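Contents: one structure, followed by commentary.
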Amino acid sequence: MIPATRLLTAVAAAAALSAALPSAWAGATLDRIHQTKVMKVATAANWPPQSFLGEDNQLRGFDIDVAIIHPDGVSELYLGQVNGPRMDLATDAVVRTAGAKEYSAATRLYGLVEGHLLWAWDIAALGQELRTHASARLAKVD
């Protein structure tokens, strides 16, 4: 996990740098963004927090915990990892109210592919093993 102080230092440095940029350059860039309706942002693959190099010099993501509480009486705690444009999650705990349907485990996968958000949700419920429950491909609408 990346220490918050490193992240805050990087953000502060970026803010200071952007304040020092010549206004003519910034104006031309803003004009291009307004004209094309596109703003391209990129970082090096080994730049935290999106990813970083591990001890083996391989790119690594970061850990994430997600809690989802459903109105039908099911609460899920997911543990997972974000690696660039992909996020993999698996339940560490599922808690149900007395009236909720039997539900014991789940996985979720999110990813950006060719500008689309892909999503898949597998669940183990009602006596069934883990299997596909829902998935989607979401596209930006202009």
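Listing for the model above:
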item: Enumeration of residues in the stretch 92-142 that are within 15 Å of I64 (Cβ to Cβ) and within 16 Å of the chain's Cα centre (by Cα); result: T107, R108, L109, Y110, G111
item: Filter result for G61 (modelled with pLDDT of 90 or more and either out of contact with any helix residue (DSSP H, G or I) (no Cβ under 7 Å at 6 or more places or on another chain) or closer than 30 Å to L130 by Cα (or both)); result: no
item: Filtered residues of the stretch 88-117 (kept if over 16 Å from Y78 (Cβ atoms) and among the acidic types (D, E)); result: E102, E114
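The values are calculated or read from the model by the stated rules, or taken from the named source; none is laboratory data. Please read all numbers here as calculations on a predicted model, not as lab measurements. Reconstructed Cβ throughout: ideal geometry from the backbone, glycine too, with neighbour counts over all protein chains shown.
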